[in-house]
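Here is the structure we will look at, set down as structure tokens.
The values are calculated or read from the model by the stated rules, or taken from the named source; none is laboratory data. Computed from a prediction, not measured in an experiment: that's the story for all the values here. Using ideal geometry, Cβ is built from the backbone for each residue, glycine included, and neighbour counts are taken over all protein chains shown. The accessibility values were calculated without ligands, DNA or RNA, using every heavy atom of the protein model including side chains. Shrake-Rupley method; radii C 1.70, N 1.55, O 1.52, S 1.80 Å.
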Amino acid sequence: MNDQNNTGEFYITTPIYYVNGVPHIGHAYTTIVADVIARWRAAQGENVIFSTGVDENAQKTVDAAKKTGEEIRAYTDRMADIWTAAWQKLGISYTDFIRTTEERHVETVNDFWGRMDAAGDLYKGMYEGLYCKGHEAFIKENELVDGLCPEHKTAPELVSEQNYFFRLSNYQQKLLGFYETHEEFVAPAHRFQEVKSFVEQGLEDISFSREKKEWGIPVPNDPEQVIYVWADALVNYISVVGIERWEEHPADMHAVGKDILRFHAVIWPAMLMSAGLPLPGQVVANGFLTIDGTKIGKSLGNGIDPFDLAARYGNDAVRYFLLREVPYGEDGDFSEAKMKERYNADLANGLGNFTARVLTIAEKNPVAEGNLDGEFAATIRLMQKTVLGKMGQLKFGDALAAIWAAITFGDRYVNEKKIWEIKDERELARALFNLITLLEAITRELTPFMPETASILAAAVTHKDGSITVKKPAILFPRVK
Ligand code: MSP
């Protein structure tokens, strides 16, 4: 991870989501990753700003509202509530939720547009092309399959109109120069490679407005045009903190999906360069989740409901599965069978069983603070060191594996020592001190990944005047059939 602004503050963002549908497991994945990083940074003592929100000014919003028969504004109000409630239910620790219809955003977009204009980077021209509403972007004819956008399976609309253009072509060399001196600007590394090759092939100016539509932010001083939804949406990251604060401390990390990496790693930095504002520290991109090999998408209608899953397995189990199973940056396939398997093996048996065994005995027997056995100290150190290193590389699955290695170690100790058979009180107290200390260390490492479980475990153990009291919680992960 990139620490370009070492001021003890860490600003991380999720994409702002379109409101033409409700959250599915793909959106939840991007948001959960950002949440884990946000909680991890907070645990390191940083003051975290964590923003998420909704992207309302899109054409697809208008279409979706028409379908329900609602007035557009009433529709987006209702959807914004659905998205906020969704993240709250999943326990996402965001500190700011932004809507692009908010005044603070509209003002920032106006300011930003003025800066690009003053830099001479906006000009009016004729645009002719095919617009895919699914992408909210123009699409090339040779990308179509049977006349349809291959991703959204819809026919693009032929557009021929006067637009404002952004001189993206001016920024090719500047971007390449920036990439060269900021080796960690995009992660994982192979995604950065894709971005660089794309820019090396040359950049065309892009249309940054549409002819007057019923919905969207009007172009300053030209009410006949509305600002292109991406030119508006990207600026949300500044609206959250305000331009002055962004100048002092831009976002440290934008967490996005690979489908929108170019917008964040090419167009957004070029816009910021044009506006004379500092660039974000890093853009990290997750791969795509599929269900049985098929892309999840609200436009395709096969989205898995993350709330249904969370209701049945718990928030922490969903987080655990996604982070353990899908290597960050790669595509991953979701299947409930696989999730159930991991749940029973790693959570019900692994973590759940280990903590239950230790806490059951510790609740009934005296435990006192004492000296930790060397192998326990070494296991804890190794876990902490590995987690730290793996988090820096966004290898969440490996970080979790390191925590699970410590659980396995503790389990083996319980078995080998047969702690339920130990008669000698001092020997038992010492074994329990080892195990409780290990459990507390595991709990700390688990906090960003499984905050609800970690807080239950943390509350189970109390230290007072050198003695330790344990109160066993209810079963953490009941087995599922
Ligand atoms: N509104 C834009 C983002 C603007 S950010 C300035 C947008 N919205 S979206 O709702 O369509 O998707 C947002 C993000 O959701 C995608 O970038 C991606 O990260 C995530 N995902 C959507 N479907 C996904 C999967 N099937 N799998 C993983 N992530 C997915 O794009």
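For the chain, what does -39500 (n - 2.57) per DSSP helix run (n ≥ 4), summed and divided by total residues, give at 222 nm, in deg cm²/dmol to the nearest 500? Let's see the in-between values first.
Values: 18 runs with 220 residues, N = 481.
That calculation yields -14500 deg cm²/dmol at 222 nm.
Assuming a strict under-29 Å limit between Cα atoms, what lysine pair count do you get for the stretch 1-155 once near-sequence pairs (fewer than 8 apart, same chain) are dropped?
Within the stretch 1-155, the lysine pair count is 17.
Pull out a ≥ b ≥ c, the square roots of the eigenvalues of the alpha-carbon gyration tensor of the stretch 311-396, then state rounded if a/c is under 1.5, prolate if not and a/b is larger than b/c, and oblate in the remaining case.
Numbers: a/c = 3.44, a/b = 1.43, b/c = 2.41.
Oblate, since a/c reaches 1.5 and b/c is not below a/b.
Subtract the Cα-Cα distance of ASP205 and LYS153 from 0.36 nm times their separation in residues, and report this length gain in nm to one decimal. Could the numbers behind the result be given before it?
Values: separation 52, 0.36 × 52 = 18.72 nm, distance 2.66 nm.
My answer for the length gained is 16.1 nm.
What is the sum of charges around ASP117, taking Lys and Arg as +1, Asp and Glu as -1, for the other residues whose C-beta is under 15 Å from the C-beta of ASP117? Before the final figure, lay out each step's value.
Details: positive: ARG115, LYS124, ARG167; negative: ASP111, ASP121, ASP205, ASP222, ASP232.
Local charge sum for ASP117: -2.
In nm, give the distance between the simple-model label positions of ASN349 and GLU9, each being 7 Å from the Cα along the Cα-to-Cβ direction.
Here the answer is 4.8 nm between the modelled labels.
Determine the share of the stretch 388-481's accessible area contributed by carbon and sulfur atoms, expressed in whole percent, with a 1.4 angstrom probe.
Values: 2590 of 4870 Å².
Answer for the stretch 388-481: carbon and sulfur cover 53 percent of the accessible area.
Where in the stretch 105-132 is the amide nitrogen less than 17 Å from a point lying 7 Å along the Cα-to-Cβ axis of ARG73?
105-107
Between ASP81 and GLU452, take the C-beta separation as r, use R0 = 35 Å, and let me know the FRET efficiency to the nearest 0.05. Present the calculation step by step, with values, prior to reporting the outcome.
Details: r = 23 Å, r/R0 = 0.67.
FRET efficiency, ASP81 to GLU452: 0.90.
Pull up all non-local amide H partners of ARG479: gap of 5 or more, or a different chain, and H-to-H distance under 5 Å with H placed in the peptide plane.
none
Counting only C-alpha contacts under 8 Å and six or more residues apart, can you give the relative contact order of the chain as a whole percent? Intermediate results must be reported in sequence, preceding the final value.
On the way: 730 pairs, mean separation 78.1, N = 481.
Relative contact order for the chain comes out at 16 percent.
Counting other Cβ atoms within 10 Å, which GluC sites (Glu not before Pro) in the stretch 159-215 have at most 16 and lie in a DSSP loop?
GLU183, GLU184, GLU204, GLU214
Quick one: order MET116, MET126 from most to least accessible surface, probe 1.4 Å.
Values: MET116 5, MET126 120 Å².
Final ranking, largest accessible area leading: MET126, MET116.
Kindly list the residues of the stretch 190-218 that lie in the label zone of LYS140, defined by a backbone N under 18 Å from the point 7 Å along the Cα-to-C-beta vector.
194-207
Could you tell me what percent of the accessible area of the stretch 39-172 is made up of carbon and sulfur, with a 1.4 Å probe and every protein chain present?
On the way: 3000 of 6290 Å².
Heavy-atom surface of the stretch 39-172 belonging to carbon and sulfur, 1.4 Å probe: 48 percent.
Considering only protein heavy atoms, what per residue accessible area in square angstrom results for the chain with a 1.4 angstrom probe?
Values: 20570 Å² over 481 residues.
Normalised by residue count, the accessible surface of the chain is 43 Å².
Around LYS418, under 12 Å between beta carbons, what's the net of Lys plus Arg minus Asp minus Glu among the other residues?
On the way: positive: ARG357, ARG412, LYS417, LYS423; negative: GLU416, GLU421, GLU427.
Neighbourhood net charge equals +1.
What length, rounded to one decimal in nm, is gained on full extension from VAL480 through to GLN44, with 0.36 nm per residue of separation minus their alpha-carbon distance?
Details: separation 436, 0.36 × 436 = 156.96 nm, distance 3.47 nm.
Extending this stretch completely gives an extra 153.5 nm.
Using the 2.2 N^0.38 Å rule of thumb for compact globular proteins, work out how the chain stacks up: its C-alpha Rg over that value, please. List each step's numbers first, then the result.
On the way: Rg = 25.4 Å, N = 481, 2.2 N^0.38 = 23.0 Å.
Ratio of Rg to 2.2 N^0.38 Å for the chain: 1.10.
Mind checking which aspartates and glutamates have their C-alpha under 16 Å from LYS213, skipping anything on the same chain fewer than 8 residues away?
Result set, ordered by chain and number: GLU56, ASP63, GLU71, GLU136, GLU157, GLU161, ASP222, GLU224, ASP232.
Taking the Cα-to-Cβ direction at ALA118 and at GLU427 and moving 7 Å from each Cα, how far apart do the two end points lie in nm?
In this crude spin-label approximation the distance works out to 7.9 nm.
Along the Cα-to-C-beta direction of LYS472, a point sits 7 Å from the Cα; which residues of the stretch 350-382 have their amide N less than 18 Å from that point?
350-368
Can you pull the semi-axes for the stretch 1-155, root of five times each eigenvalue of the Cα gyration tensor, sorted largest first, whole Å?
Values: eigenvalues 184, 99, 64 Å².
Over the Cα atoms of the stretch 1-155, the ellipsoid semi-axes are 30, 22, 18 Å.
Mind checking the full-extension length gain between ILE243 and LYS364? Use 0.36 nm per residue of separation minus the Cα-Cα distance, one decimal, nm. List each step's numbers first, then the result.
Values: separation 121, 0.36 × 121 = 43.56 nm, distance 5.78 nm.
Result for the pair: 37.8 nm of gain on full extension.
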